[in-house]
Each structure stands twice: as C-alpha cells, then as structure tokens.
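Asks: Below are the structure tokens for one structure; questions will follow.
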Amino acid sequence: MFEQRIAKLLDWMNSQSISMVVFEDSESHRDPGVRYFSGLPSDGVLLVSARGDSILFPWDINLASKYAFTGKVIPYDDFGRNVQNAEKFGIEAFRLGKDSAIEI
C-alpha cells in the first residue's frame, strides 16, 4: 500500500521537476501526508527524494520502529525537533544541488 502511494508521489514529483518533498506533522503544522506516505501514526517529519529515497524523523522512535514504512528512521530529537535542521540534513543526504526544487 505505502509503496504504491510513494510511486504515485514520485511520478508527480518527476513530472513537476521537484527534487524533494517535506511533510511535517506537528502541533504547529498538521499534515496527514506523514501518516499517508509512511504509516507513522504520530508526529514527525518525512522527506522523500525524487529518486525514491526517504527519511523519517519521528518524535517517537519506538512507535516509528513498530509502524513506519520508510527508508531511514532518525530520531527528530537529533535535530532539536527543528524542521529546517532536518531539511538541511535531507538535502545533504540526498545530495541535492543548490538549484533543486523542494516542495514543503
């Protein structure tokens, strides 16, 4: 199920020349995309690259380990629970260039 959802997302990203998408589900910014694309039933940040790589930054690493379907899982605490810090890490991890389009 999640693989099909990600495949459709990747098709859209590539058709729009988007290099990375950012989904943030937190008290200050609710986005059901985190759960829809990863299965994580609680707060976190999900990054997906146009190549299909993904990184999930959950608030609850134990819950993510149990329920999430994604590439890498890294505790959000490692980034001070700051979405910009997580994004910067994703840009480097996905080796995106300065002119890469990022959808937030």
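The values are calculated or read from the model by the stated rules, or taken from the named source; none is laboratory data. None of these values were measured; they are calculated from a predicted model. No Cβ is skipped: glycine too gets one built from the backbone with ideal geometry, and neighbour counts run over all protein chains shown. Ligands, DNA and RNA are stripped out before the accessible areas are found, and what is left, the full protein with its side chains, is counted by its heavy atoms. Shrake-Rupley method; radii C 1.70, N 1.55, O 1.52, S 1.80 Å.
Asks: Over the chain, average the accessible area per residue using a 1.4 Å probe and give it in Å², no decimals.
Replies: Accessible area per residue: 59 Å².
Asks: So, with a 1.4 angstrom probe, what is the percent of accessible area on the stretch 9-83 that is carbon and sulfur?
Replies: Carbon and sulfur: 47 percent of the exposed surface of the stretch 9-83.
Asks: Let me ask another. Counting only helical runs of four or more DSSP H residues, what would the 222 nm mean residue ellipticity of the chain come to if each run contributes -39,500 (n - 2.57) and the total is spread over all its residues?
Replies: Result for the chain, helices only: -10500 deg cm²/dmol.
Asks: Normalised by the residues of the chain, what does the relative contact order come to in percent, with Cα pairs under 8 Å and at least six apart?
Replies: Relative contact order comes out at 27 percent.
Asks: Read phi for every residue in the stretch 65-76 and hand back ³J(HN,Hα) as whole Hz from Karplus 6.51 cos²θ - 1.76 cosθ + 1.60, θ = phi - 60°, with x for Gly and Pro.
Replies: Per-residue couplings from phi come out as 4, 7, 10, 7, 10, 6, x, 9, 10, 10, x, 5 Hz.
Asks: Can you give me the long-range amide H partners of residue 40? Hydrogens built in the peptide plane at 1.01 Å from N, cutoff under 5 Å, separation of 5 or more residues or another chain.
Replies: Here 69 satisfy the definition.
Asks: Let me ask something additional. Starting from the amide H of residue 73, placed 1.01 Å from N in the peptide plane, find each other amide H under 5 Å away whose residue is 5 or more places distant or on another chain.
Replies: Hits under the 5 Å cutoff: 56.
Asks: Another question, if that's okay. With springs only between Cα atoms under 10 Å apart, run a GNM on the chain and tell me which of 93, 68, 50 wobbles the most.
Replies: Its mean-square fluctuation being the largest, the pick is 93.
Asks: Sticking with this one: If the reach is capped at under 16 angstrom between alpha carbons, list the lysines near residue 72, excluding any in the same chain fewer than eight residues apart.
Replies: Candidates past the 8-residue exclusion: 88.
Asks: A further question on this structure: Decide, for the stretch 1-48, between rounded, prolate and oblate: order the square roots of the alpha carbon gyration tensor eigenvalues as a ≥ b ≥ c, take rounded if a/c falls under 1.5, and otherwise choose prolate if a/b is larger than b/c, else oblate.
Replies: oblate
Asks: Once the dipole of the stretch 12-65 is set up with Lys and Arg at +1 and Asp and Glu at -1 on Cβ about the Cα centre, which of 57, 41, 16 lies farthest towards its positive end?
Replies: Working it through, the farthest residue towards the positive pole turns out to be 16.
Asks: Loop by DSSP (not H, G, I, E, B), at most 14 other beta-carbon atoms within 10 Å: where is the longest site-free stretch of the chain for trypsin sites (Lys or Arg not before Pro)?
Replies: Longest stretch, sites excluded: 52-94.
Asks: With both bridge residues required to lie in the chain, what share of the DSSP beta bridges run antiparallel, to the nearest 5%?
Replies: 75 percent
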